[in-house]
Amino acid sequence: MQLVTLTGEPWADYGLIDCGNGRKLERYGDYRFIRPEPQAMWAPASDDWDAHAEFVPGSDEDGGGRWQYDKPVPREGWPLRWKQVTFTAQTTPFRHLGFFPDMVPVWDWMRDRLEGAQEPECMNLFGYTGVGTLALSAAGAKVTHVDASKKSVAEGKANAALSGMEDNPIRWMIDDAGKFTAREGRRGRRYDGIILDPPKWGRGPNGEVWKLEEGLPQLIADCRALLDENSRFLFLTVYAVRMSALAIGELVRQHFADLGGTIECGELTVREESRGLLLPTAIFARWSRD
């Protein structure tokens, strides 16, 4: 099993300007934001950060806090663009801004895996606002987007409209990811690729409780049942947990050993513009067809 680092590079509408002392300064289009970043244990390049807003964390380590605005920011959001995908960025109560910029190398990797496939079908579990879904759709894939949040699915559909992809073959499913995946297996469905970004903790649309350490092994097993010798990839990301990339890599390896191919695990990172250093953001494991 190979250890790999995937790095999100700056692009026109996003950049990690600076980071250090437990915080990071980022640009999202014309707006700059400061957010907490425990991984940035070093000193920043500059002590003089000019931002439109800063997320001030509360005492709740699982996401409490509030935005403090120093300059006007459109509360309804503003458009950003990545390749063929246009989407809305906005400040959210959970300190995020509507997408995860460290996923850019993942979107590119998945699109590369699908090259040459005839009418590929992919599934995006815990799909959030759908930027990854639209990245796959723009590459010609039929996509099943699954999220338990009605609001997130509505935002995904709005992003599809912004991108001119509202008529693309995308199934928008408001459902519990684990239950949906298990049902797809019982139906005999198959996919060419699956991406999943399970949270540490969450609730399904009918109150189902999700705990990552308890639910992940069965979810990976159910995903394996949807892939076969002609499938192209599975990509798993894990944020904000005390878990090793090697641990989730071994989990994927055991379930996918019979398919051959390549198993890799490692860290997602974003490159800082000021000094070029890499800020780690998440761990991942992936399987791909050779």
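A few comments on the model shown:
- Residues with amide H under 5 Å from that of HIS52, placed H, sequence gap 5 or more: ARG32, PHE33
- GNM top mover of ASP258, ASP197, ASP176 - the chain, alpha-carbon springs below 10 Å: ASP258
- Accessible area of ARG187 in the full protein assembly, 1.4 Å probe (Å², nearest 10): 130
- Portion, in percent, of the accessible area of the chain that falls on carbon or sulfur, probe 1.4 Å: 49
- Only alpha carbons enter this Debye calculation for the chain, each as an equal point scatterer, and the log10 of I(q)/I(0) it gives at q = 0.09, 0.10 Å⁻¹ is -0.42, -0.52.
- With protein chains left intact and a 1.4 Å probe, residues in the chain average 45 Å² of accessible area per residue.
- Each other residue within a Cβ distance under 14 Å of ALA158 adds +1 if Lys or Arg and -1 if Asp or Glu, for a net charge of -1.
The values are calculated or read from the model by the stated rules, or taken from the named source; none is laboratory data. This one's a predicted model, so the numbers in the text were calculated from it and none came from an experiment. Neighbour counts run over all protein chains shown; Cβ positions are idealised from the backbone, glycine included. Side chains are part of the model used for accessible areas, which takes the heavy atoms of the whole protein and leaves out ligands, DNA and RNA. Shrake-Rupley method; radii C 1.70, N 1.55, O 1.52, S 1.80 Å.
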